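The values are calculated or read from the model by the stated rules, or taken from the named source; none is laboratory data. The model shown is predicted, which means the values in this text are computed figures rather than measured ones. Cβ: placed from backbone, ideal geometry, glycine included. Neighbour counts: every protein chain shown.
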């Protein structure tokens, strides 16, 4: 056994995040660690890599007890990892991000680097060669000198894996590597992970919500729920395991009645949208709430949008889908006036929005729920929500909004006083949506609300989105999960390489054979 | 490689020529002082840039390290000069005195850099800034008040034992009035242009190489994301403390040169190392661009000359006339307002400073 956890326990302020978990990871295996959101998977990774110290039990790697070792020492011992919320070094170039991970293999010390001794040059040369090889493997050679933040989300994830591989690890921990990747990329990931294991002869442990990836690549799977082990076995065993089905997919006895109740709720208005101190956005009859005409956006010489035109009618849910890097997030950001537009028109309820600032847009009733959630981790849930109503002064209206949001997401109500950073990924997404709703938007821009979230919670979040729409809010939805996006929306646009490739009613698109080709860029 | 040696030789010839020729070329000693001060300030900025720019820590107590360097260097120089029999300050003799002075300055300052660097492991942002500020003020106040301690009016026992001894030792530094050698005859100013400009050039190269080495890269990564840096084997403890030591050694050298610089003042006073000095150092780094070596150098030169420009402006007839009109007008005090204005405008237009993290003359990797 290479990695072994025995009776590991970790509590945060009375809350047991991991309780008495024992895991044996066989050497050179590809091992899956799965479970619903908040199950404690990332905490287990943080315990292995020394970011947190466990309260009880032991973690050993290749026979060495990891207790008492600092994160950097654990990295030296041969354990590399990636992060759920990508942690690249933003101010360093792509290739520099990789080179940093070579520090521990360097023989030249600082003095010899300052003297520029032959040893220093030999080190740099060897490091750069390794980096070049990995950049090639992960398809980043062309962008070696670019800042990592300019890459699309999926590429950033692969860059993190490449950086981890620079350590020449014996054990690679991947925290949701497929989050933010489309189907094609996720399939590619399966091949890449297998290739990595075989080529570099290492053990891989991955935390992942994408079941296709987990079942496709893992040889053994360990399932956690609420910090405790509920199952362990081969993919085939796990798929049939009743406890896993219950925990993961929510197949409990109450489900039927819940579904009925939801059905009723979905049609009822749950939010108060009008605001006493704001003129409502009222496009003339038959005119769109939002209209983009031939919008072009480019940054740093790269053209991200090449003339995009689309319309969103009042009270409509419109989905914007497409592969990674197609320009979906750019489109949303340009509507939210977070990015300057090179040319074209953006109209809100018939009036040009190009001269407006982001604050203006929020005040006018347009809110963005950003990709990756961007909540304020060190503020409480309540404070996060209150900040969403920052532009409003009417205490009564704020209290009402707060009431509405809690009704929409009862989970947030239970966690009002908690720091937002301690919420699970799914709860953070609820908070991000709730925060946007606190401004009482009439047009809600949603960027990847299902990103990195367990299926059960995704369902809840999309139900909530339906209810928001039923309350009279117009929604423009960017979503990686095509099936879900098409099932939720009335109409959809498919972006490919910065252009609209396909558009139509969602139900038609879902059956369109061209769809797959357009989406996968074939 | 060949080119490097050639450039080194040219620089060597130039600084040698300056050492002997500067007096003849520039007869106004205040201009010579200004040029030398600019070079010293480049060192101040380069060293602070390691902590504030590359490592992303925020130190506002750089003056403390300058003070330690200045006093150490002044003590060694003055006493060594005595030991060598006094007499004339020769170029040949400076090869004994200056290295000894600067090595002690660097050692003392570096040691304190290590001590101050330790809390940086637990403290971040404003909290660390307060620690560094406290350190600088302690250094300054200890030197300033040591004299008062031993000359207490009650006559004698101002503490007794170890602390009394320490106070007596410290009181030799002259307290508020400053240190001017063991017999108060002034510190022999051994460091001519050869040393000042030569070291500025040499340490500039060192700073550049630190930034463009794996070590500098690791430091910048640490600044971006500590957890991610640790996960790839960059130990925050080691890198942060080392960056503090390196910055302190650099500041020690700068302070050391400041104390014994030809055409400078032959006395080291604690007031030169008040918060103002730390603030000037931060201004240099931020103006030039945090993290940029060439930027720090430009910032150092700019700040030095701005002081002079304002002084010159003081003596123009227009300002004199104004002064007669408004008696309390003091342009030196106004300098702070001008700085603040320049900084605010710069931060509004270019929040990353003149160069940001980039460098002049940077090769494409």
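Summed over region B:226-244, residues that are farther than 15 Å from residue A:99 by Cβ and in a loop (DSSP other than H, G, I, E, B) total 1. A count restricted to region A:170-193 and to residues that are out of contact with any helix residue (DSSP H, G or I) (no Cβ under 6 Å at 6 or more places or on another chain) and surrounded by fewer than 21 Cβ atoms within 10 Å (Cβ to Cβ) stands at 6. Of all residues in region A:340-387, those being surrounded by fewer than 18 Cβ atoms within 10 Å (Cβ to Cβ), part of a loop (DSSP other than H, G, I, E, B) and under 27 Å from the mean Cα position of the chain (by Cα) number 7. Strands (runs of 3 or more DSSP E) fully within region A:393-505 that include at least 3 residues being within 22 Å of the chain's Cα centre (by Cα): A:443-447, A:474-478, A:491-496.
Among residues belonging to region A:123-142 that are more than 20 Å from residue A:169 (Cα to Cα) and in contact (Cβ under 8 Å) with a residue 12 or more places away in the chain, point out the one that is surrounded by the most Cβ atoms within 10 Å (Cβ to Cβ). Per the stated criteria, the residue is A:140. Looking only at residues in region B:191-223 that are surrounded by fewer than 19 Cβ atoms within 10 Å (Cβ to Cβ) and facing chain A (nearest Cβ under 8 Å), which one is farthest from residue B:74 (Cα to Cα)? So the residue we want is B:209.
Residues being assigned to a helix (DSSP H, G or I), on the phi < 0 side of the Ramachandran plot, at pLDDT 90 or above and touching a helix residue (DSSP H, G or I) at 6+ places or on another chain (Cβ under 7 Å) are entirely absent from region B:1-10. Only one entry of B:70, B:63 meets the criterion of being in contact with a strand residue (DSSP E or B) (Cβ under 7 Å, 6 or more places away or on another chain), crowded, with 24+ Cβ neighbours inside 10 Å and closer than 13 Å to residue B:251 by Cα, and that entry is B:70. No other residue among A:368, A:320, A:354 is out of contact with any helix residue (DSSP H, G or I) (no Cβ under 6 Å at 6 or more places or on another chain) and within 30 Å of residue A:158 (Cβ to Cβ) apart from A:368. Does residue A:423 fit the bill of being modelled with pLDDT under 90 and closer than 17 Å to residue A:388 by Cβ? Here the answer is yes, as residue A:423 does meet what is asked. Under the condition of being closer than 27 Å to residue B:266 by Cα and exposed (fewer than 13 other Cβ atoms within 10 Å of the Cβ), the residues counted in region B:160-174 number 2. For region A:109-120, the criterion of a residue being within 30 Å of residue A:2 (Cβ to Cβ) and either out of contact with any helix residue (DSSP H, G or I) (no Cβ under 7 Å at 6 or more places or on another chain) or within 11 Å of chain B (Cβ to nearest Cβ) (or both) is satisfied by no position. Candidates in region A:21-36 are the residues that are surrounded by fewer than 21 Cβ atoms within 10 Å (Cβ to Cβ) and in contact with a helix residue (DSSP H, G or I) (Cβ under 9 Å, 6 or more places away or on another chain); of these, the one that is farthest from residue A:211 (Cα to Cα) is A:28. Check region B:316-334 and report whether any residue there is under 15 Å from the mean Cα position of the chain (by Cα) and part of a helix (DSSP H, G or I). Checked against the condition, which is being under 15 Å from the mean Cα position of the chain (by Cα) and part of a helix (DSSP H, G or I), region B:316-334 yields no hits at all. The requirement of being under 18 Å from residue A:197 (Cβ atoms), within 12 Å of another protein chain (Cβ to nearest Cβ) and surrounded by 22 or more Cβ atoms within 10 Å (Cβ to Cβ) is satisfied by residue A:162.
Of all residues in region A:255-313, exactly one satisfies the criterion of being part of a loop (DSSP other than H, G, I, E, B), at positive phi and at pLDDT 80 or above, namely A:286. So, residue A:72, is that one over 30 Å from residue A:246 (Cβ atoms), touching a helix residue (DSSP H, G or I) at 6+ places or on another chain (Cβ under 8 Å) and surrounded by 20 or more Cβ atoms within 10 Å (Cβ to Cβ) or not? Here the answer is yes, as residue A:72 does meet what is asked. Residue A:180 passes every criterion in (1) part of a helix (DSSP H, G or I); (2) under 19 Å from residue A:482 (Cβ atoms) apart from (1). Among the conditions (1) within 33 Å of the chain's Cα centre (by Cα); (2) closer than 21 Å to residue B:240 by Cβ; (3) part of a loop (DSSP other than H, G, I, E, B), residue A:108 misses just one, which is (1). Just one of the numbered conditions (1) away from chain B (no Cβ under 12 Å); (2) within 23 Å of residue A:208 (Cα to Cα) is not true of residue A:130: (2).
Filtered by the rule that a residue be at pLDDT below 95 and either more than 18 Å from residue A:8 (Cα to Cα) or within 29 Å of the chain's Cα centre (by Cα) (or both), region A:56-70 gives a lone residue, A:70.
Might you check whether a residue that is more than 9 Å from every other protein chain (Cβ to nearest Cβ), in contact (Cβ under 8 Å) with a residue 12 or more places away in the chain, buried (at least 18 other Cβ atoms within 10 Å of the Cβ) and assigned to a helix (DSSP H, G or I) occurs anywhere in region B:175-182? Among the residues of region B:175-182, at least one is more than 9 Å from every other protein chain (Cβ to nearest Cβ), in contact (Cβ under 8 Å) with a residue 12 or more places away in the chain, buried (at least 18 other Cβ atoms within 10 Å of the Cβ) and assigned to a helix (DSSP H, G or I), which makes the answer yes. What do you reckon, is residue B:129 under 21 Å from residue B:249 (Cα atoms), under 22 Å from the mean Cα position of the chain (by Cα) and modelled with pLDDT of 95 or more? So residue B:129 does not fit the description; no. Selection of region B:273-288 for residues being over 17 Å from residue B:57 (Cβ atoms) and more than 11 Å from the chain's Cα centre (by Cα) yields B:274, B:275, B:276, B:283, B:287, B:288.
For a quick check of your reading: which helices (runs of 4 or more DSSP H) sit entirely within region A:1-104 and have at least 2 residues that are away from chain B (no Cβ under 14 Å)?
Once the helices (runs of 4 or more DSSP H) in region A:1-104 are filtered for at least 2 residues that are away from chain B (no Cβ under 14 Å), what remains is A:41-48.
Against the list (1) in contact with a helix residue (DSSP H, G or I) (Cβ under 8 Å, 6 or more places away or on another chain); (2) more than 13 Å from chain A (Cβ to nearest Cβ); (3) on the phi < 0 side of the Ramachandran plot, the condition residue B:243 fails is (2).
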